[in-house]
Amino acid sequence: MKNILIPTDFSVNAWKATVYAFSLFQNDLCNFYFLNACKPEFYTPDVNGHSLSQAKAENKILMEKLLKEVSIINKNPNHRFKSLIVGSWLNDAIIEIQKDIIFDLIVMGTQGENEPDDKIFGTNSMNVIETVDHMPVLLIPDQSVHVPEVKMEMVLATRFDKSFSIAEINFLIDMTKKFKASIRILYIQDTEDLSEEQENKKEELHEHFEKISHSFHTLTNIEVTKGIHSFIQSRNSDILVLNHKKRGFFRNLFSKSLLKELGKKPQIPIIFMPADL
């Protein structure tokens, strides 16, 4: 039984991510946990008496409505639905909840309600991918609703600086099966030469993916962030997988200035792998 966590602010984007998750896991036994987090500092008592407890009560009504809508569109007997409403920041709530529940994946929209259009990621999604450990995160752009029934291409960006754990490899293999995807392993550096250690890491990946259609690609003389964007755009790749532990890397990868320079922001699902899955 898989446990899938779906944070929701009851926005259209959150709903699209929900439908996408149902499509992706249609053949799996799953518990879907819908999590709504009320930021406590936004609900200090004011002249109108609007408190955190009131906000949670209002969101409970919205959650009940969401679960009712979910039960209408998803009749899959393999799927069960649970709800959680907490009074904290989303990333803090997830960190606390995962002490009691082991989640296989977090699925959420790239942006929440009232996020500016010129941002590729909202505040919640960026905070989650930078602070939540042990769980991969799948971010769904608002253009995606269902998993296409076609052969897809998944790009794994790596520096060949680590050995992937069995859990990481199994997760990636499972994702390639669900997306019906081949996997393209992308490395970007100053020269094409790899160190002996990097060659060993590359060979490890080759052995892990021997039963999956895969290939290796190297880009040189280009910044890592630009290289990743250019690669997926030139090939019209369908999914991007990132595995990075350096804080700030994801913000740089999807910065406004870089997206403006490239002229386009990616419109594909992105999987963020934690450094310690």
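Listing for the model above:
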quantity: Förster-model FRET efficiency, 51 Å R0, Gln267 and Ser53, C-beta, rounded to 0.05; calculated: 0.85
quantity: Test item: Cα-centred dipole of segment 126-209, Lys/Arg +1 and Asp/Glu -1 on Cβ, debye; calculated: 540
quantity: Cross-link pairs beyond the 20 Å C-alpha cut-off, checked among Lys2/Lys99; Lys2/Lys65; Lys82/Lys177; Lys2/Lys202; Lys2/Lys178; Lys177/Lys201; calculated: Lys2/Lys65; Lys82/Lys177; Lys2/Lys202; Lys177/Lys201
quantity: Computed E for Arg235/Gln26 - FRET, C-beta separation, R0 25 angstrom, nearest 0.05; calculated: 0.40
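Laboratory data are not the source of any read-out in this text; all were calculated from the coordinates shown. These figures come from a predicted structure and were not determined experimentally. Positions of Cβ are generated from backbone atoms using ideal geometry, with glycine treated the same way; all protein chains shown enter the neighbour counts.
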